[in-house]
Amino acid sequence: MIKIRFFILIVLSVALSSLPACKKKEDSIDVYSQLREVSRLELARMTIGKVGMISDPDYRDAGSLEAKAEAIFNSVKIGTRIGVYSYDTYLIAYIDLGKLTPEDIEIDEENRIARISLPPIEIRTDGREPQLHEEHYRVTGLRSSITPSERAALKSQMAKEVRRDMKSNSRVRDLLRNAAEAKGKAWLTELLQNWGYVAEINFK
């Protein structure tokens, strides 16, 4: 029997990649072109973990006569049978600066102010663990070993629940989006300061 105990184990980190070099510029520059060259800017990453358990069927969970009979038979077996496994899915939050338009950027050269309206933060999965991690395994007495097909079924069920939870759990998405927005503002503010501008930034 497969049981999934839903724990979202969140490990949140922030990262920047493919950043343009920052150098002081007193003259006007083409901010629009410079930012579009960055393209997709990864800002935050999150690991979502699930923990699942495989054990012999319990009579209370049996949905058919066959399952009930199997549960009764297992209840008289000697020994224990339990396997606990974890499975991680990775998410990233990023800005696609390739979606900037000239209308999103207003440069006040006289006062050296750059007003920028950034594209919204986007979130997508960025891969999963190829295998389950075995956290605990105990099979004793006359109990049968946990089979590869049972582990495969658990992994498939975990993957489905992660996708479902990501659609329904706005708290997780908001946490990742807020972290990415804060990092994006901090990065762009520092970049524009190095170009000689005061930044006024918002997200669409």
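The values are calculated or read from the model by the stated rules, or taken from the named source; none is laboratory data. Just so you know, these numbers come straight off a predicted model, no measurement behind them. Note that we place each Cβ from the backbone using ideal geometry, even for glycine, and neighbour counts take in every protein chain shown. Calculation scope for accessible area: heavy atoms of the full protein, side chains included, ligands and nucleic acids excluded. Shrake-Rupley method; radii C 1.70, N 1.55, O 1.52, S 1.80 Å.
Miscellaneous remarks
- Taking the charge dipole of the stretch 76-204 about its Cα centre, with +1 at Lys and Arg Cβ atoms and -1 at Asp and Glu Cβ atoms, the residue from V198, T101, I123 reaching farthest to the positive side is I123.
- Exposure of D30 as accessible area (Å², to 10), given a probe of 1.4 Å and all protein chains: 80 Å²
- Å³ per residue enclosed by the Cα convex hull of the stretch 107-204: 131 Å³
- Local electrostatic count at G98 - Lys and Arg +1, Asp and Glu -1, tallied over other residues with Cβ under 10 Å: +1
- Between E190 and E135, the distance separating the two model label sites (each 7 Å from Cα on the Cα→Cβ line) works out to 3.6 nm.
- Neighbour net charge for R40 - beta-carbon separation under 10 angstrom, K R +1, D E -1: -2
- For the residues K167, K50, a 1.4 Å probe over the protein chains yields an accessible-area ranking, largest first, of K167, K50.
- Summed side-chain charge close to R173 - residues other than R173 whose Cβ falls under 15 Å, Lys, Arg +1, Asp, Glu -1: +2
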